[in-house]
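Encoded as structure tokens, the structure appears first; notes follow it.
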Amino acid sequence: MKLTILGCYAATPRTFSNPTSQVLEIRNRMFLIDCAEGTQVQLRKNKIKFSKINHIFISHLHGDHCYGLIGLVSSFMLLGRTNDLHIYGPKGIKEMITLQLRLSGSWTTYGLFFHELESEQSEVVFEDEKVIVSTIPLKHRIYTNGFLFREKSGEKKINAEAMKQYQIEVCYFQNVKNGKDITLDDGTVIPNDELTFEPVPPKSYAYCSDTVYDESVVQYIKEVDVLYHESTFLESEAELAGKTMHSTAREAAAIAARANVKQLILGHYSTRYDSIELFKEEAQTVFAEILLADDGVSFEF
């Protein structure tokens, strides 16, 4: 599982930092999460192929999370895209994008599908044989969701020495991977556990975009491998965090601790502070395993 941060600062783009967007690579799937201004430039800088992005998840319709979407949709067309593109986001996102396409006379030449969200409850929005994605209801000034990405359990791993010992032919390997026992010619049943190793434990990633401190989110993210949680302010601006419905670094750490996650990534920093290291210092008073998002930084888990 690899996470590439394209942008992680609040509000407006600057010459040296970008608003929110990131790419998650999980089980050979590539998902774009939020799409602020400058996202396609950041994709190029980080050498991420546009053609590999088939699913885009938008947390909410504030500009620093979605104003880069129309540009990316248009660039896909100019680059001769043929793959379908699926966009998951709040109700209204279809109108926002198609209005601009209509007024500019720039309808896509590829399939463009919108999956509009309006439920206040967690729901599955994407699923295939390897990955499942569900929403995380968040509390912000407008309707907002985070997203939980979970790997499905993979196949068991073949114990090559055991297979050789029992002279099991290759044609039975897939059945063994699927968890079946093997019956030898003499009627002896070899339990699957003797023939396999357990698969690599599936990984999970929770993305909590703009949200006020809200303990109800814990039920959705309990014991995830990695949590990205917004930390717009430090505790010195806790009152402002409450008014704008954002979180402090300490509050993000408190959520991580309550949910017993393995790793917390902080992001969505206000640009009023001199150093993002201040966010880590504050968060570590509550939760130890802290990483700092920053533009162009990648994490592999």
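For the reader, a short list of remarks on this structure follows.
- Within segment 227-260, considering residues that are among the polar types (S, T, N, Q) and in a helix (DSSP H, G or I), the one surrounded by the fewest Cβ atoms within 10 Å (Cβ to Cβ): 236
- Cβ separations smaller than 7 Å between residues 6+ apart or across chains give the following pairs from segment 246-266 residues that are closer than 24 Å to residue 11 by Cα to residues that are open to solvent by 20 Å² or more (accessible area, probe 1.4 Å) and part of a helix (DSSP H, G or I): 248/235; 248/238; 249/282; 250/235; 250/282; 266/280.
- Sole residue being closer than 20 Å to residue 136 by Cβ, modelled with pLDDT of 90 or more, open to solvent by less than 60 Å² (accessible area, probe 1.4 Å) and outside any loop (DSSP other than H, G, I, E, B), chosen from 224, 218, 212: 218
- Hey, residue 65 in a loop (DSSP other than H, G, I, E, B) and closer than 19 Å to residue 208 by Cβ or not: no
- Extreme residue, most open to solvent (accessible area, probe 1.4 Å), among residues of segment 264-296 that are of a type in the set (D, E, K, R) and touching a strand residue (DSSP E or B) at 6+ places or on another chain (Cβ under 7 Å): 289
- Scan of segment 97-117 for residues that are open to solvent by 40 Å² or more (accessible area, probe 1.4 Å), farther than 15 Å from residue 57 by Cβ and either assigned to a helix (DSSP H, G or I) or in contact with a Lys or Arg (Cβ under 8 Å, 6 or more places away or on another chain) (or both), ordered by number: 99, 100, 102, 103, 109
- Residue match in segment 241-257 (condition: under 17 Å from the mean Cα position of the chain (by Cα) and more than 24 Å from residue 21 (Cβ to Cβ)): no
- Scanning segment 154-194 for residues that are open to solvent by 90 Å² or more (accessible area, probe 1.4 Å), in a loop (DSSP other than H, G, I, E, B) and under 27 Å from residue 131 (Cα atoms) turns up 178, 180.
- Residue within segment 29-51 that is in a helix (DSSP H, G or I) and under 19 Å from residue 93 (Cβ atoms) present: yes
- Total residues in segment 118-134, condition in a strand (DSSP E or B) and open to solvent by less than 50 Å² (accessible area, probe 1.4 Å): 6
The values are calculated or read from the model by the stated rules, or taken from the named source; none is laboratory data. On a predicted model such as this, the values are computed, not experimentally measured, just so you know. Neighbour counts run over all protein chains shown; Cβ positions are idealised from the backbone, glycine included. The protein model used for the area step is the full one, side chains on, heavy atoms only, and it has no ligands, DNA or RNA in it. Shrake-Rupley method; radii C 1.70, N 1.55, O 1.52, S 1.80 Å.
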